[in-house]
1. Which pairs do you get when a residue that is closer than 16 Å to residue 41 by Cβ, found in region 15-30, comes within reach of a residue that is in a helix (DSSP H, G or I), reach meaning Cβ atoms under 9 angstrom, with the pair 6+ apart or on two chains?
2. Filter region 40-49 for residues that are part of a helix (DSSP H, G or I) and acidic (Asp, Glu); which is farthest from residue 72 (Cα to Cα)?
3. Filter region 1-39 for residues that are closer than 22 Å to residue 71 by Cα, assigned to a helix (DSSP H, G or I) and among the small types (Gly, Ala, Ser) and give the result.
4. Looking at (1) surrounded by 15 or more Cβ atoms within 10 Å (Cβ to Cβ); (2) of a type in the set (Gly, Ala, Ser); (3) at pLDDT 75 or above, which one does residue 65 not meet, given that it meets all the others?
5. Given the criterion farther than 25 Å from residue 72 by Cα and surrounded by 10 or more Cβ atoms within 10 Å (Cβ to Cβ), identify the matching residue among 2, 32, 27.
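The values are calculated or read from the model by the stated rules, or taken from the named source; none is laboratory data. Since we're looking at a predicted model, the values are computed, not measured. All Cβ positions, glycine included, derive from the backbone under ideal geometry; neighbour counts span all protein chains shown.
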Amino acid sequence: MAQRELTQQKFRKFWALRKKRARAWLALNEWAESCLSEKELDLFDHLFDGSMFFPDGIVEKCEDATKKAWESAKKGE
């Protein structure tokens with residue numbers, strides 16, 4: 001019985017985490033669509049590949065991509 005409860009707990013935690021990641025992904029996508037240019041959106045899509053699961057370092061990649069896009073926009077590229 002204890003093993004079954006442990007399995008159920010793990011299953012609930014897995015789905016809660018997946019649900020949280022999905023909500024975070026939707027929020028991040030909504031933010032990107034609202035404030036990024038077409039060129040930046042292409043970069044954003046390329047970085048995250050439309051995945052619902054966040055790769056390691058997603059925040060850093062997003063910050064780096066935004067910074068690079070901002071710098072190239074200032075230079076007129």
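1. Filtered contacts from region 15-30: 25/48; 28/44; 28/48; 28/58; 28/62; 29/44; 29/48.
2. Residue satisfying both the conditions and the ranking: 45.
3. Within region 1-39, the first condition is being closer than 22 Å to residue 71 by Cα, and the residues that meet it are 28-29, 31-39.
If we keep only those that are assigned to a helix (DSSP H, G or I) as well, we get 28-29, 31-35, 38-39.
Passing the criteria: 32, 34.
4. It is condition (3) that residue 65 fails.
5. 27
So that you can scan it fast, the table gives a plain yes or no per residue for (1) modelled with pLDDT under 75; (2) in contact with a strand residue (DSSP E or B) (Cβ under 6 Å, 6 or more places away or on another chain); (3) surrounded by 10 or more Cβ atoms within 10 Å (Cβ to Cβ):
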{"residue": "14", "(1), (2), (3)": "no, no, yes"}
{"residue": "19", "(1), (2), (3)": "no, no, yes"}
{"residue": "22", "(1), (2), (3)": "no, no, yes"}
{"residue": "48", "(1), (2), (3)": "yes, no, yes"}
{"residue": "55", "(1), (2), (3)": "yes, no, yes"}
{"residue": "60", "(1), (2), (3)": "yes, no, no"}
